[in-house]
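Asker: I have a structure here, written as structure tokens, and I will follow up with some questions on it.
The values are calculated or read from the model by the stated rules, or taken from the named source; none is laboratory data. Treat the numbers as computed from the prediction; the structure is a model and nothing was measured. Here Cβ is always computed from backbone atoms with ideal geometry, including for glycine, and neighbour counts include all displayed protein chains. Just the protein is used for accessible areas: all its heavy atoms, side chains included, with ligands, DNA and RNA removed. Shrake-Rupley method; radii C 1.70, N 1.55, O 1.52, S 1.80 Å.
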Amino acid sequence: MACVYIPVQNSEEEVRVALDMLPRDAADILDILKAEQAPLDLWLIIAREYFKQGKVEQFRQILEEGSGPEIDEYYSDVRYERIAILNALGAYYSYLGKIETKQREKEEHFILATQYYNKASRIDMHEPSTWVGKGQLLLAKGDVEQAFAAFKIVLDGDRDNVPALLGQACVEFNRGRYSESLELYKRALIVHPRCPAAVRLGIGLCRYKLGQFDKARQAFARVLQLDPENAEALVALAITDLHTNEAAGIRKGMEKMQRAFEIYPYCAMALNYLANHFFFTGQHFLVEQLTETALAVTNHGPTKAHSYYNLARSYHSKGDYEKAGLYYMASVKEINKPYEFIFPYYGLGQVQLKLGDLRSAQSNFDKVLEIYPDNCETLKALGHIYVQLGQTEKAQEFMRKATKIDPRDSQAFFELGELLISSDTGAALDAFKTARSLLKKGGQEVPIELLNNIGVLHFERGEFELAEQSFKEALGDGVWLPFIEGSEKFQEIDASASVLQYKDRQLFHRLEDSGRHVELPWNKVTPLFNLARLQEQLHNAETASILYRLILYKYPDYVDAYLRLAAIAKARNNVQLSIELVHDALKVNDKCPNALSMLGELELKNDDWVKAKETFRAASDATDGKDSYATLSLGNWNYFAAIRNEKRNPKLEATHLEKAKELYTRVLLQHPANLYAADGAGVVLAEKGHFDVSKDIFTQVQEAASGNIFVQMPDVWINLAHVYFAQGNFSLAVKMYQNCLRKFYYNTDSQILLYLARTYYEAEQWQDCKKTLLRAIHLAPSNYTLRFDAGVTLQKFSASTLQKTKKTADEVRSTIAELENAVRLFSQLSAASNLHFHGFDEKKIDTHIDYCKNVLAAAKPHLEAAIREEQQIRQRQEVARQHALAEEASRKAEEQRKFQLERRKQEDELKRVRQQEEHFQRIKEQWKSSTPGSKRRERSEIDDEEGGNSEKKKRKGGKKRKKDKSSKSRYETEEAEADMMDDQEDVEDEDANLNYREPTGQNDQDDAEENAHDPLAAAGLEDSDAEDDMAAPSSTTGRRRRAWSESDDDEPLERQPLSRENSPELRDSDEEVKDEGRRPNGLDAAEDED
Amino acid sequence: MKLAGLKSVENAHDESVWATTWVPATETRPALLMTGSLDETVKLWGSDELVLERTNTGHSLGVSSVAAHPSGLIGASASLDSFVRVFDVDTNATIATLESPPSEVWQLRFNPEGSTLAVAGGGSASITLWDTATWGLVATLPIPRPEGPKPSDKSGSKKFVLSVAWSPDGRRLACGSMDGTISVFDVARAKFLHHLEGHFMPVRSLVYSPVEPRLLFSASDDAHVHMYDSEKKSLVGAMSGHASWVLSLDVSPDGQALATGSSDRTVRLWDLNMRAAVQTMSNHTDQVWGVAFRPPGGTGVRSGRLASVSDDKSISLYDYS
């Protein structure tokens, strides 16, 4: 039993004080010490003993007494012991300050400690132990650099000062200079081999930090050997065990951790690790308890960060994002250097993402990424954030990086694919496919959404078979299979009921009745819908309709399926059924803008203008005017309204056009890439005569529209062609019409054929015009207007042929044949008119018949003349031939006679022959020139000058605008745009009347007449001249004239609205694309009420 | 069942070929293929090599339909100028020229006995029947106008008759119109029986099954082929698959297969048991206006033949087996 002996003053006796039996009251001892004037080292020993026994109060009491002014006075020469006492007190307060958690008290302790050390220094400023103490104090205060200086002073004096070595090692450790720290610890151990286990702990920690885990473990093990109760070493060992990442290691680690906890329940580190463990085992209650304890016992920032993190994580996993966020935040606050402990940033980022604070989340993830630039999860998270912030390119960049770093992360590929959908479908498809093959390789089930997306992308790229495979894979086995494969037989239905076929869902009832289970899991509805959509695209409308009906049978609220069925019915012209289906859709959601828009289309188709407008309005209102489709429909409505009326009301027309333009522009402002709005704007511009601008627009739209199977814009082709036509570029217009017909309509659209015929007509390609019209009749037999037009064309052709100055008998013959055809066509129309097949005026037709008959009569002389002429030519040729033969014979005779005599004369002779031939040539020309004479005669027979002139005047008055135009557009093609505008209005007029406009230029006939008019009027007027020329047979002129001008006015047939806009396919692509990724309904009805 | 291309004649006509039919074999010659075109001619083609036998002229404005008498001796062709020309197939001698203004003429069909020629009358909303012995007009079968206050305006053109078909027993006559309805007549009583509904777009071609007298097939612009039981007034089946108008159809002599020609430039072969397309021929480059199976009979000709004609001016011949 250790004891000290206090020498009794002035005697040899000593007071024996057993150290384990120190009195409770320190004053007793103090009395003795003071009374016996015991050496100061005894004071210190006793104080230290108290301290060891945990009697801190007594310890303090003795030392404070031992450092009081009395002692200073009395023991003034005992320097070392006094310093020792002061240092002890300093160390004590340093320690108090170190463990104190309350800032104010903490500082007070440090101040006291500083005071004691300063006092010690005053006694001897070179005492190393004071410096060591000061160093420790500074270290405790976190003032690493000053601590370093303090220890350095000591070590400079004595490089083997163990406490200073240890202190300095600690400093170096804190500065992160682990190898230096390790050296210092080692030196301390060499100098003092039996130093406390803690030194080895330091070595272990250094080794650990240096990554020498085995040596670290050895060091910790050695510590435990020396001091089995050393909690820190236990914790350290446990951590190394845990980090082995093996089940056995972790279990061992946890056991150690638990032991450490049992030894010393307030080791924050151990508490954190235990909490961590229980987090993973899911015992959140323990996690909270442990971390709260840890937080209470430690002041160490990083450890606290760890504790907060554990707590946050616990709440996070429980879904309490608010609390989790707060604790993450607290954790982050404790961290000075994010690279030391980054997890809370990640967690905070996650929680903020969850709570929608994208910017903060982004900055936190950015921090994580700074430290772990290759962390896939972080990259993906950032990718997500950028998507939501609308920075797709950045998002893609991150996702791409994530997939590059971990090329086996199917999830990353999946997400990358979703990102790419809107920008680069090809790349998106590749990403999805990679994800799919990764999943398949890993033996995992491929999610339905992934397969659906792959299908949709294939679909969009027109790879229908692949799309079908993918959708089928997504669907798997089910009640739909027999329908898709067609093995389920069609149910016989009454033909009159077949009208409502697409509403019939009886077959599923029957299936159920027959014991089949009709099941459709919710997550398969989308792929099924898409498959149906695909079947539609593949023209298997029947299969598609059954699939849509199956969806509706199980999910009667699936609006898009109704709409698709309605679209199928509409494509088959079953308007009534289509309307009913749309109404079914509206029953589900009476504000559904798609359904409303479609209803409007159908009403328009039924010629229900007012209703249609209301419906479009409703559609527009339902979306606060944000739905481009509804707005465009309204625009189209206005446009149609503008050009609808045959008797145009210029004022109304202008209003409607203006309104249409406004609506198109509104859409363009919202979606600058909306092709249909651009097209519409182009149309309005063209209507107003800005052809160059509209041409540019159409060309761009056409380019943009190519390459997407969902964007079919034949209208823009037609519009372009119309513009070419209006600008007189007929060959281009023809090409454009033809391409459009072939590309979009399988050559079945008689309306475009009519446009084409009209162009040929203008270009005076009569045969092409006729053939084109015949094709159109063949396609649309009940369109009598086409027959009328064909008749007009034949009539025109004949007239122009007869006007030709040179024509063969065959030409005249074919002309006559065509005239007879024309008469037949008109007569049929005339006969049919009393049956009300068509809306023509009988009188008008009769006029045409009369006219044709007259021309026919007039043509007979032409024919005779032509035949006569041909005969004459033949006769002359015969005569000439015989003449030449005779000449030849005589020449030969002459030659033979003179051959031997006058060879030299031969050349002269030849010359003469040549002269004779020239003469012959002249004669021939004379014969020919007699032909026009006969023609002129002909005309004078039929020409009624008087009538022609009066006609001229009348037309000049009534149709001035038209004339102006035709002359301008022909002769002043380089006019500025301002003029173009005027012209254009006239083009419209003229378009309506095109039948009778005579292309100028060709008919240079009577010079006198032509010169009589000023150049401007000439071109236009000539046209009537030409008509009169051929039309003028006799007394009926007046009546006919009237009839003609009438037909000019309300000729419905050749009217060619400059542009035709099919709204049906208007669904804007932007919206569609947007939907595709997330909502797997990529291909919903939305995009195509066609 | 399957089709195998045998021979194609490019530029068989100068213009679009719009109609085709087989002229049955006679005792003196095998069956011939007859085609009519926009170029205003009718041509006759012999053997599997499609040798041009004769070119008949005399039409104006394009030949829209051709028909052959079951005897194989008489042919008829109709053109857009609304004349029907009846001629001797082997000599091209004109037998008669038929017209019944104001009706136009569209599809022509001889009845199975060969006693009557039925002509689809277009806007007159009727079928005209001509006696093949006297070439006099036997009857006009009008489609009853739907009841309604205004029989005028559009309804007239809606019932525009495009196509006709005789039932194999010759007792029924069906006609297809622009509005998609099919009307069935009792020939003996010259009486309208009922409509078959389901199409809402022009029905350009109709044909009865040669083996099931009630089964009627219709081809419509709605890209569908319907199968009706023409007596029960019921829709037996609907087949989709063409991308555009179905312009013409014909049933194989064995009644097992259906061939269709479409604006989508293809010829499809359908298995009537499976009710599914089994083959798609895409050798034409434009609308296929006519398809026709060669009727059985003739000297030693057993194998099946299908001919198709198109806007691309060509004729194609296939082996059907």
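Asker: Looking at A:Ala412 and the list (1) open to solvent by less than 10 Å² (accessible area, probe 1.4 Å); (2) under 23 Å from A:Ala673 (Cα atoms), which single condition is not satisfied?
Answerer: Only one criterion in (1) open to solvent by less than 10 Å² (accessible area, probe 1.4 Å); (2) under 23 Å from A:Ala673 (Cα atoms) is unmet by A:Ala412, namely (2).
Asker: Which residue pairs have Cβ atoms under 6 Å apart, sit 6 or more places apart or on different chains, and have a first residue in the range B:57-69 that is charged (D, E, K, R) and a second that is open to solvent by 20 Å² or more (accessible area, probe 1.4 Å)?
Answerer: none
Asker: Let me ask another. Quick one: A:Trp766 ticks every box in (1) more than 10 Å from every other protein chain (Cβ to nearest Cβ); (2) over 16 Å from B:Gly62 (Cα atoms) bar one, so which box is it?
Answerer: Every listed condition holds for A:Trp766 apart from (2).
Asker: Next up: Pick out the one residue from A:Leu825, A:Leu774 that is free of Cβ contacts under 8 Å to residues at least 24 places away in the same chain, closer than 30 Å to A:Ile718 by Cα, open to solvent by less than 10 Å² (accessible area, probe 1.4 Å) and of a type in the set (A, V, I, L, M). Steps first, please.
Answerer: Working: A:Leu825 fails: free of Cβ contacts under 8 Å to residues at least 24 places away in the same chain.
Of A:Leu825, A:Leu774, the one residue that is free of Cβ contacts under 8 Å to residues at least 24 places away in the same chain, closer than 30 Å to A:Ile718 by Cα, open to solvent by less than 10 Å² (accessible area, probe 1.4 Å) and of a type in the set (A, V, I, L, M) is A:Leu774.
Asker: Restricting to the range A:215-250, count the residues that are surrounded by fewer than 18 Cβ atoms within 10 Å (Cβ to Cβ) and not in a helix (DSSP H, G or I).
Answerer: So the count comes out to 6.
Asker: (1) open to solvent by 30 Å² or more (accessible area, probe 1.4 Å); (2) closer than 19 Å to A:Ile190 by Cα; (3) β-branched (Val, Ile, Thr): which one isn't true of A:Val154, the others all being true?
Answerer: Only one criterion is unmet by A:Val154, namely (1).
Asker: Return the total of residues in the range A:194-214 being open to solvent by 30 Å² or more (accessible area, probe 1.4 Å) and not in a loop (DSSP other than H, G, I, E, B). Lay out the reasoning, then the answer.
Answerer: Within the range A:194-214, the first condition is being open to solvent by 30 Å² or more (accessible area, probe 1.4 Å), and the residues that meet it are A:194, A:196, A:198, A:200, A:205, A:207-214.
Filter once more, keeping what is not in a loop (DSSP other than H, G, I, E, B): A:198, A:200, A:205, A:207-209, A:213-214.
Adding up the residues that qualify gives 8.
Asker: Okay, next question. Does A:Lys587 satisfy the condition of being at pLDDT 85 or above, touching a helix residue (DSSP H, G or I) at 6+ places or on another chain (Cβ under 6 Å), basic (Lys, Arg) and outside any loop (DSSP other than H, G, I, E, B)?
Answerer: Details: at pLDDT 85 or above: yes; touching a helix residue (DSSP H, G or I) at 6+ places or on another chain (Cβ under 6 Å): no; basic (Lys, Arg): yes; outside any loop (DSSP other than H, G, I, E, B): yes.
For A:Lys587, the condition - at pLDDT 85 or above, touching a helix residue (DSSP H, G or I) at 6+ places or on another chain (Cβ under 6 Å), basic (Lys, Arg) and outside any loop (DSSP other than H, G, I, E, B) - is not met.
Asker: Would you kindly identify the helices (runs of 4 or more DSSP H) lying entirely within the range A:373-481 that contain at least 3 residues that are within 15 Å of the chain's Cα centre (by Cα) and not assigned by TED's automatic domain parsing to the domain that holds A:Leu348?
Answerer: It comes to A:376-388, A:392-405, A:410-420, A:425-441, A:448-460.
Asker: When you look at A:Thr793, is it outside any helix (DSSP H, G or I) and closer than 30 Å to B:Leu247 by Cβ, yes or no? First the steps, then the outcome.
Answerer: On the way: outside any helix (DSSP H, G or I): no; closer than 30 Å to B:Leu247 by Cβ: yes.
No: the conditions fail for A:Thr793.
Asker: Looking at A:Tyr737, A:Tyr761, A:Tyr745, can you tell me which residue is within 14 Å of chain B (Cβ to nearest Cβ) and hydroxyl-bearing (Ser, Thr, Tyr)? Walk me through how you get there before you give the answer.
Answerer: On the way: A:Tyr737 fails: within 14 Å of chain B (Cβ to nearest Cβ); A:Tyr761 fails: within 14 Å of chain B (Cβ to nearest Cβ).
Selected residue: A:Tyr745, the only one of A:Tyr737, A:Tyr761, A:Tyr745 that is within 14 Å of chain B (Cβ to nearest Cβ) and hydroxyl-bearing (Ser, Thr, Tyr).
Results for (1) within 23 Å of A:Asp72 (Cα to Cα); (2) surrounded by 13 or more Cβ atoms within 10 Å (Cβ to Cβ); (3) at pLDDT 80 or above, shown as yes or no for each residue.
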position: A:Arg16; (1), (2), (3): no, no, no
position: A:Met21; (1), (2), (3): no, no, no
position: A:Ala35; (1), (2), (3): yes, no, no
position: A:Ala38; (1), (2), (3): yes, yes, no
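Asker: Right, something else. List the number of the failed condition for A:Ala26; all other conditions in (1) open to solvent by less than 20 Å² (accessible area, probe 1.4 Å); (2) modelled with pLDDT of 80 or more; (3) touching an Asp or Glu at 6+ places or on another chain (Cβ under 9 Å); (4) aliphatic (A, V, I, L, M) hold.
Answerer: Checking A:Ala26 against (1) open to solvent by less than 20 Å² (accessible area, probe 1.4 Å); (2) modelled with pLDDT of 80 or more; (3) touching an Asp or Glu at 6+ places or on another chain (Cβ under 9 Å); (4) aliphatic (A, V, I, L, M), the one that fails is (2).
Asker: Identify, please: which residue in the range A:796-822 is within 14 Å of another protein chain (Cβ to nearest Cβ) and either open to solvent by 10 Å² or more (accessible area, probe 1.4 Å) or without any contact (Cβ under 8 Å) to a residue 24 or more places away in the chain (or both) and is, among those, nearest to the chain's Cα centre (by Cα)?
Answerer: Taking the candidates together, the pick is A:Phe797.
Asker: Continuing with the same structure: Condition (residue is part of a helix (DSSP H, G or I), in contact with a Lys or Arg (Cβ under 7 Å, 6 or more places away or on another chain) and open to solvent by 10 Å² or more (accessible area, probe 1.4 Å)) applied to the range A:555-571: is it met by at least one residue?
Answerer: No - not one qualifying residue is present in the range A:555-571.
Asker: Still on this structure, I have one more. Does B:Val203 satisfy the condition of being farther than 23 Å from A:Gln576 by Cβ, among the β-branched types (Val, Ile, Thr), open to solvent by less than 20 Å² (accessible area, probe 1.4 Å) and at pLDDT 90 or above?
Answerer: Values: farther than 23 Å from A:Gln576 by Cβ: no; among the β-branched types (Val, Ile, Thr): yes; open to solvent by less than 20 Å² (accessible area, probe 1.4 Å): yes; at pLDDT 90 or above: yes.
So B:Val203 fails the test.
Asker: Are there any pairs, at least 6 apart or on different chains, whose C-beta atoms fall under 6 Å, with the first in the range B:236-262 and at positive phi and the second open to solvent by less than 10 Å² (accessible area, probe 1.4 Å), and if so, which?
Answerer: Pairs that qualify, where the first residue is at positive phi and the partner is open to solvent by less than 10 Å² (accessible area, probe 1.4 Å), are B:Gly255/B:Ser209.
Asker: Out of A:Glu172, A:Glu183, which single residue is open to solvent by 40 Å² or more (accessible area, probe 1.4 Å) and assigned to a helix (DSSP H, G or I)? Spell out how you get there, then give the answer.
Answerer: Details: A:Glu172 fails: open to solvent by 40 Å² or more (accessible area, probe 1.4 Å).
A:Glu183 is the lone residue from the list that is open to solvent by 40 Å² or more (accessible area, probe 1.4 Å) and assigned to a helix (DSSP H, G or I).
Asker: Still on this model: Given the range A:603-720, what helices (runs of 4 or more DSSP H) lie entirely inside it while holding 2 or more residues that are modelled with pLDDT of 85 or more, within 23 Å of A:Ile752 (Cβ to Cβ) and not aliphatic (A, V, I, L, M)?
Answerer: Numbers: elements: A:609-622, A:628-644, A:650-670, A:675-687, A:691-705.
The helices (runs of 4 or more DSSP H) meeting that bar are A:628-644, A:675-687, A:691-705.
Asker: Additional query: Can you name the residue in the range A:111-127 that is within 23 Å of A:Asp160 (Cβ to Cβ) and open to solvent by less than 50 Å² (accessible area, probe 1.4 Å) and is also modelled with the highest pLDDT among such residues? It would help to see each step written out before you state the result.
Answerer: Step one: list which residues in the range A:111-127 are within 23 Å of A:Asp160 (Cβ to Cβ), which gives A:117, A:120-121, A:124-127.
Going one step further and asking which of them are open to solvent by less than 50 Å² (accessible area, probe 1.4 Å), we end up with A:117, A:120-121, A:124, A:127.
Working: A:Tyr117: 85, A:Ala120: 81, A:Ser121: 81, A:Asp124: 79, A:Glu127: 79.
Here the answer is A:Tyr117.
Asker: Exactly one of these conditions fails for A:Arg104: (1) modelled with pLDDT under 80; (2) within 60 Å of the chain's Cα centre (by Cα). Give me its number.
Answerer: Unmet condition: (1).
Asker: Right, something else. Do we have A:Ala622 as within 14 Å of another protein chain (Cβ to nearest Cβ), touching a residue at least 24 places away in the same chain (Cβ under 8 Å) and either among the β-branched types (Val, Ile, Thr) or out of contact with any Gly (no Cβ under 7 Å at 6 or more places or on another chain) (or both) here? Break it down stepwise before answering.
Answerer: Details: within 14 Å of another protein chain (Cβ to nearest Cβ): no; touching a residue at least 24 places away in the same chain (Cβ under 8 Å): yes; either among the β-branched types (Val, Ile, Thr) or out of contact with any Gly (no Cβ under 7 Å at 6 or more places or on another chain) (or both): yes.
So A:Ala622 does not fit the description; no.
Asker: Additional query: Can A:Gln738 be described as more than 34 Å from the chain's Cα centre (by Cα) and either open to solvent by 50 Å² or more (accessible area, probe 1.4 Å) or polar (S, T, N, Q) (or both)? So that I can check it myself, show each step before the final result.
Answerer: Values: more than 34 Å from the chain's Cα centre (by Cα): no; either open to solvent by 50 Å² or more (accessible area, probe 1.4 Å) or polar (S, T, N, Q) (or both): yes.
No; evaluated as a whole, the condition is false for this residue.
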